[in-house]
Amino acid sequence: DTAVSQTPKYLVTQMGNDKSIKCEQNLGHDTMYWYKQDSKKFLKIMFSYNNKELIINETVPNRFSPKSPDKAHLNLHINSLELGDSAVYFCASSPSWVSEEKLFFGSGTQLSVL
Amino acid sequence: QKEVEQNSGPLSVPEGAIASLNCTYSDRVSQSFFWYRQYSGKSPELIMSIYSNGDKEDGRFTAQLNKASQYVSLLIRDSQPSDSATYLCAVNVDFGNEKLTFGTGTRLTIIP
């Protein structure tokens, strides 16, 4: 059983399109995240949700809108895609939002904007 | 100044030798420190965590933390080709909130 699963694995699209990435975790964790990893491997947090509530929003453009229908799901919708959005997007979860907790990552979604 | 800095490498180490990976951080109130390993095309996975000054050993891996110098390192003994990966240092810079700040990673290659 995959602990943190995200779909799709690859996403190729044109500039200006709108796309969504889905994420689900079956670990019973309270906290879920979206991270962006650029071509230089720099991994940066975008959003964090604890039990469906937004707790971290790292000055991400408002074209990015996360949605958490329940604590096991955190989806990411991106409007008006730009070239600079090309990256690998990782979903992750952790048992809670306090420190000293291990992050479990999904396998990533490689987004290519043409 | 970047919050978490690592030498991007690549770092090449002969098989069987000790690989030494270094990381410095800027926020003095950082409390939790982690090393993640990321194979090419895969997701990061946690291999070590350390919270207090000194050394922490787990199998062939040793994490070292020096809060006064704001420095954390990872030593890999008896390096194996399977250790070839990018190693990401992560620091919790916002105590009480699981907001990890990652370094850009060091690419390690173990030469058979």
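The values are calculated or read from the model by the stated rules, or taken from the named source; none is laboratory data. Since we're looking at a predicted model, the values are computed, not measured. So basically every Cβ, Gly included, is an ideal-geometry build from the backbone, and we count neighbours across all protein chains shown. When the accessible area is computed, the model is the full protein with side chains, heavy atoms only, and any ligands, DNA or RNA have been set aside. Shrake-Rupley method; radii C 1.70, N 1.55, O 1.52, S 1.80 Å.
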Notebook entry, point to check: In segment A:9-59, what count of residues is obtained for those that are assigned to a strand (DSSP E or B) and not basic (Lys, Arg)?
Noted result: 27
Notebook entry, point to check: Within segment A:77-89, is even one residue of a type in the set (Ser, Thr, Tyr) and crowded, with 20+ Cβ neighbours inside 10 Å?
Noted result: yes
Next item on the list: Among the residues of segment B:28-73, write down those that are among the basic types (Lys, Arg) and within 14 Å of chain A (Cβ to nearest Cβ).
Entry: B:Arg37, B:Lys42, B:Lys56
Notebook entry, point to check: Of the residues that make up segment A:18-41, is at least one farther than 21 Å from B:Thr86 by Cβ, acidic (Asp, Glu) and at pLDDT 95 or above?
Noted result: yes
Item checked: Tally of residues being over 12 Å from the mean Cα position of the chain (by Cα) and within 14 Å of another protein chain (Cβ to nearest Cβ) across segment A:32-56 -> 11
Notebook entry, point to check: So which residues in segment B:23-54 are farther than 26 Å from A:Phe104 by Cβ and either of a type outside the set (Val, Ile, Thr) or free of Cβ contacts under 8 Å to residues at least 12 places away in the same chain (or both), if there are any at all?
Noted result: B:Ser26, B:Arg28, B:Asn53, B:Gly54
Check: within 12 Å of the chain's Cα centre (by Cα), more than 13 Å from chain B (Cβ to nearest Cβ) and of a type in the set (Gly, Ala, Ser) - does that describe any residue in segment A:79-87?
Finding: yes
Item checked: All positions within segment B:82-94 that are more than 14 Å from the chain's Cα centre (by Cα) and either within 14 Å of another protein chain (Cβ to nearest Cβ) or surrounded by 17 or more Cβ atoms within 10 Å (Cβ to Cβ) (or both) -> B:Val93, B:Asp94
Note to self: I'd like the residue in segment A:6-31 that is under 11 Å from the mean Cα position of the chain (by Cα) and not hydrophobic (A, V, I, L, M, F, W, C) and, out of all such residues, is farthest from B:Arg37 (Cα to Cα).
What the structure shows: A:Ser20
Check: Is it the case that B:Ser79 is farther than 27 Å from A:Tyr33 by Cα, assigned to a loop (DSSP other than H, G, I, E, B), more than 12 Å from chain A (Cβ to nearest Cβ) and touching a residue at least 60 places away in the same chain (Cβ under 8 Å)?
Finding: yes
Next item on the list: Go through (1) closer than 16 Å to A:Ser94 by Cβ; (2) open to solvent by 60 Å² or more (accessible area, probe 1.4 Å); (3) among the aromatic types (Phe, Trp, Tyr) one by one and return the number of the condition B:Phe34 breaks.
Entry: (2)
Next item on the list: Please enumerate the residues belonging to segment A:90-114 that are in a loop (DSSP other than H, G, I, E, B) and either open to solvent by 40 Å² or more (accessible area, probe 1.4 Å) or in contact (Cβ under 8 Å) with a residue 40 or more places away in the chain (or both).
Entry: A:Pro95, A:Ser96, A:Trp97, A:Val98, A:Glu100, A:Glu101, A:Lys102, A:Leu103, A:Gly106, A:Ser107, A:Gly108, A:Leu114
Next item on the list: Take B:Ser8 and decide whether it is without any contact (Cβ under 8 Å) to a residue 40 or more places away in the chain and either of a type in the set (A, V, I, L, M, F, W, C) or within 11 Å of chain A (Cβ to nearest Cβ) (or both).
Entry: no
